[in-house]
Each structure stands twice: as C-alpha cells, then as structure tokens.
Amino acid sequence: MNVDKQLSENLEFFQRTIHYRFKNINTLVIAFTHSSYANENRHSDIISNERLEFLGDAVLNIIISDYIYRNYPDLPEGELTRIRASVVCEPSLAQCAKKLNIGKFLLLGKGEEMTGGRERISILSDAFEAILAAIFLDGDLEAARQWALSQLEPTIKAAAQGTVFRDYKTLLQEYIQRNGEERIEYEIVKECGPDHNKEFYVEVRHSNKVIGTGSGKSKKEAEQNAAKYALEQLRLTI
C-alpha cells in the first residue's frame with residue numbers, strides 16, 4: 001500500500017507517540033483505515049481495520065484478564081469479570097484513543113468525516129483495538145501487553161476501586177442472577193440511517209418480556225443504554 005507524504009508524517013509521529021516502531025508500516029496503515037474509507041476506494045484494494053479490530057478485541061481480553069488475575073488474587077470470579085468489563089468497553093477504550101489523538105490519524109470516508117467520525121466513540125474504540133492487534137502481529141504478545149497496559153493500567157486500578165465507567169449490561173446480568181432467574185437477551189429491533197451514520201435500536205428481554213430499550217451509534221452503545229434503562233425501571237441505585 002502506497003502512503004502519501006501527509007500520511008507518512010502522521011505515521012512517523014504516531015510511532016514516536018506510542019514508543020513502538022513498526023517493522024511493517026502497512027499494518028499500522030490498515031489499523032487506521034475505517035471501513036467507510038475502504039468502501040470509497042474499493043478499486044485500490046484498500047483493507048479496512050475490521051479484521052484487526054476483531055483480533056485486537058481477543059488480544060485485549062487476554063491481556064486484561066491475565067493482569068487482573070495476577071494482581072488481584074483475593075477477588076472472586078465475579079469481581080474480576082466486573083473489572084474487565086469496565087476496562088474493555090467502548091467508553092474506556094475511546095478515552096485512551098482520544099488521549100493519543102487517534103482520531104486525527106484515521107482514514108475516513110467523506111460521509112463519516114462530515115458526520116463527526118473522528119470523535120465517534122465506537123470508531124475510536126475499534127481503532128484502539130486495531131492498533132493493539134497491529135502491534136501484536138508486527139511484534140508479539142509481550143509488545144502488545146506492554147503497550148496496552150501502559151494505556152489502561154490506571155483504568156484497571158480505577159475499575160477495581162469502582163470509580164470508572166459502569167458496565168450496565170454486567171450490572172443487569174448480576175441483578176438477574178442474584179434472583180436466581182434465567183439469562184437476559186439483547187435483540188437489535190431496528191437500524192436507521194446510512195452506513196456511515198447508523199442508529200441502532202435494541203430491546204433487552206427477560207422471560208420473553210421486554211424490560212428495557214435503548215439506542216446508540218453502535219450495537220454495544222445501544223445495548224448499554226437498554227440495560228441502563230432496564231436497571232432504572234427496576235429502581236436500582238446506579
């Protein structure tokens with residue numbers, strides 16, 4: 001993949017920022033490439049970061065799980081799950097992405113650019129995971145671990161203290177399980193808008209009854225909002 005002068009400068013600056021130098025710079029280019037840009041340039045065989053994001057999500061989960069398992073030996077499985085869910089979530093990862101100014105370096109389609117894609121939480125969190133996967137592939141798991149923890153260790157500690165983003169899906173599931181009841185299910189009931197600016201609508205069901213609804217710019221955000229609404233309806237303190 002050929003890169004122009006501005007992109008080359010951005011890549012060089014970003015590598016200095018994250019203190020990691022890629023052996024294969026194209027891997028980082030792909031990590032910055034949103035699907036909207038790839039779709040607008042199909043004739044150029046440009047690859048989006050969606051596959052990297054998929055891999056990065058798995059790599060991040062094992063890194064965070066390993067860290068909290070080793071550093072919080074007295075916590076039960078439920079607490080470890082809560083901490084991990086609070087760290088590996090869109091708001092947490094997007095916050096890290098914003099600190100690194102990742103939005104500035106993204107390759108976006110025109111429509112996504114015009115509708116504020118560089119600040120969209122779902123795009124930023126996906127890009128963070130894609131970059132982590134790029135480091136994992138270009139280097140190894142240890143390189144990925146060091147970078148991920150350099151960004152997320154304060155968030156992990158805050159989550160352990162209960163002072164970070166609250167994962168409403170986990171809170172709702174814990175409430176349901178405390179009452180010995182069956183699992184809850186989330187269903188996307190509607191999608192509106194063009195591909196670069198979609199709105200997702202979700203219902204959360206328990207015992208075939210809708211207990212909450214929510215919407216968002218990503219499926220994860222919509223599910224969180226539906227769970228939050230369900231908790232409010234159950235009159236929990238959140």
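Read the figures in this text as sums done on the coordinates, not as results from a lab. No experiment lies behind these values; they were computed from the predicted model shown. All Cβ positions, even for glycine, are placed from backbone atoms using ideal geometry, and neighbour counts span all protein chains on display.
Close amide H contacts of THR33 (hydrogens built in the peptide plane, cut-off under 5 Å, sequence separation of 5 or more or a different chain): ASN49, LEU107.
Here is the result for region 108-158: no trypsin sites (Lys or Arg not before Pro) lie in DSSP coil with at most 10 other C-beta atoms within 10 angstrom of their C-beta. For the residue pairs LYS98/LYS198; LYS157/LYS209; LYS99/LYS217; LYS110/LYS217, the C-alpha atoms sit more than 27 angstrom apart in LYS157/LYS209.
Hey, what number do you get for the chain at 222 nm if only DSSP H runs of n ≥ 4 count, each worth -39500 (n - 2.57), divided across all residues, to the nearest 500? Present the calculation step by step, with values, prior to reporting the outcome.
Values: 12 runs with 144 residues, N = 238.
The helix-only estimate for the chain comes to -19000 deg cm²/dmol at 222 nm.
Can you compute the FRET efficiency between LYS99 and GLU182 using 1/(1 + (r/R0)^6), with r the Cβ-Cβ distance and R0 = 45 Å? Round to the nearest 0.05. For LYS99 and GLU182, the calculated efficiency is 0.65.
Which length gain, in nm to one decimal place, applies between THR17 and THR213 when the Cα-Cα distance is subtracted from 0.36 nm times their residue separation? Separation in residues times 0.36 nm, less the Cα-Cα distance, equals 66.5 nm.
Taking the number of other C-beta atoms within 10 Å as the exposure measure, put GLU203, GLU112, GLU142 in order starting with the fewest. Provide the component values of the computation, followed by the final result.
On the way: GLU203 19, GLU112 24, GLU142 9.
With the sparsest Cβ surroundings first, the list reads GLU142, GLU203, GLU112.
In region 68-172, Rg over Rh equals 1.02, where Rg is the alpha-carbon radius of gyration and Rh the Kirkwood radius from pairwise Cα distances. Here, region 5-160 is characterised by an Rg to Rh ratio of 0.99, where Rg is the alpha-carbon radius of gyration and Rh the Kirkwood radius.
Within 10 Å of each residue's Cβ, count the other Cβ atoms and sort CYS192, CYS96, CYS89 from fewest upward. Provide the component values of the computation, followed by the final result.
Details: CYS192 10, CYS96 20, CYS89 24.
Going from sparsest to densest Cβ surroundings: CYS192, CYS96, CYS89.
Taking every alpha-carbon pair under 8 Å whose residues sit at least 6 apart, region 1-140 reaches a relative contact order of 37 percent.
Taken one residue at a time, the phi angles of region 213-228 give Karplus couplings (6.51, -1.76, 1.60, θ = phi - 60°) of 9, x, 9, x, 7, 9, 4, 5, 5, 4, 5, 4, 5, 5, 5, 4 Hz. Gly and Pro are set to x.
Using Cβ counts within 10 Å as a stand-in for footprinting exposure, how do THR17, THR170, THR33 rank, fewest first?
On the way: THR17 13, THR170 19, THR33 23.
The most exposed by this proxy come first: THR17, THR170, THR33.
In a fully extended conformation the segment linking ILE47 and LYS157 would gain 36.0 nm over its present Cα-Cα distance, using 0.36 nm per residue. The three principal axes of the C-alpha atoms in region 168-233 carry coordinate ranges of 41, 20, 16 Å, sorted with the longest axis first.
When Lys and Arg each count +1 and Asp and Glu each count -1, what net charge do the other residues less than 15 Å away from ARG42, Cβ to Cβ, add up to? Write down the numbers at each step before the final one.
On the way: positive: LYS110; negative: GLU40, ASP45, GLU50, ASP195.
Around ARG42, the surrounding residues sum to -3.
For region 102-238, the C-alpha radius of gyration divided by 2.2 N^0.38 Å, with N the number of residues, is 1.25.
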